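One structure is given here, and the rest of the page talks about it.
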Amino acid sequence: RQIGEGRRGAAPKVEEEVQNILRRLGMQDVRFCVSISPRENLKADGGDSVEFLFSANSTMPPRPVDKIASGGEISRVMLALKAVSVGKAGISTVIFDEIDTGVSGRVADAMGEIINDMAAGCQIINITHLPQVAGKGDRHFRVYKREGRTDIELLDSESRVVEIAGMLSGSDVTEAAVRQARYLLGISD
């Protein structure tokens, strides 16, 4: 019974915090609800069934997030839930493997900012293909395959620029991409 009371007490704060983060991620009309209902039988995680309800559109009622959210919306909801829970759970390391799937542009930049904010309280390892997100990192590694095995390399300052420039322009790294990579990394020319 204490677990259920704790969940019911925490739900409004979680809803508010998740919605605030989702608004930062470009979802101005979002509604996020934590639905808690009693189960018939007690289970190891308590006597309640907990479901996240979501609507990105002010004219649609919130429905189960797994039933209505797009890939980009799910990425944003997952990041928001992690951002809310990391500070409260005392987690020391979080690993994201393409948490930014399905987003780009301004939303990707905002995701990078939120991930960077999270890094103030714990270590974040973030695997991404988005330069806006990668540019927020303090240290960068390149993961690559060679002779059937996966290797990892810590990048120095100039290699960071080249790698992010490659993310921007592909195999033909242009001077414009290098300038943009320097900008994303906060390196002045």
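List of remarks:
- Per DSSP, loop trypsin sites (Lys or Arg not before Pro) in segment 105-168 with at most 12 further Cβ within 10 Å: 139
- FRET efficiency, residue 60 to residue 2 (Cβ-Cβ, R0 35 Å, nearest 0.05): 0.50
- Correct choice for Rg and Dmax of the Cα atoms in Å that was computed from the model, options [x] 15.7, 47; [y] 19.6, 64; [z] 16.5, 53: [y]
- Beta bridge orientation in segment 36-173: antiparallel %, DSSP, nearest 5: 70
- Acute angle (nearest 10 degrees) that the helix 105-118 long axis makes with the longest principal axis of the chain, alpha-carbon atoms: 70
- Summed side-chain charge close to residue 140 - residues other than residue 140 whose Cβ falls under 14 Å, Lys, Arg +1, Asp, Glu -1: 0
- Built amide H within the under 5 Å cut-off of residue 47, gap 5+: 4
- Here the accessible area is traced with a 1.4 Å probe on the protein chains. For the chain, carbon and sulfur cover 50 percent of it.
- Accessible area (Å², 1.4 Å probe, nearest 10) - residue 67: 140
- Modelled FRET efficiency - R0 25 Å, residue 29 with residue 183, Cβ distances, 0.05 increments: 0.20
- Quotient of C-alpha Rg and 2.2 N^0.38 Å, computed over segment 143-188: 1.27
- Take segment 71-189 with all the other protein chains still there, run a 1.4 Å probe, and you get 59 Å² of accessible area per residue.
- Working from label points 7 Å from Cα in the Cα-to-Cβ sense, the residue 175 to residue 145 distance is 3.6 nm.
- Longest exposed-site-free window of the chain, the sites being GluC sites (Glu not before Pro) in a DSSP loop that have at most 16 other C-beta atoms within 10 Å: 1-97
- Per-pair calculated FRET efficiency, R0 = 22 Å: residue 129 and residue 157 via Cβ, rounded to 0.05: 0.55
The values are calculated or read from the model by the stated rules, or taken from the named source; none is laboratory data. Treat the numbers as computed from the prediction; the structure is a model and nothing was measured. Heads up, the Cβs are rebuilt from the backbone with ideal geometry, glycines too, and the neighbour counts pull from every protein chain shown. Ligands, DNA and RNA are excluded from the accessible area calculation, which covers all protein heavy atoms including side chains. Shrake-Rupley method; radii C 1.70, N 1.55, O 1.52, S 1.80 Å.
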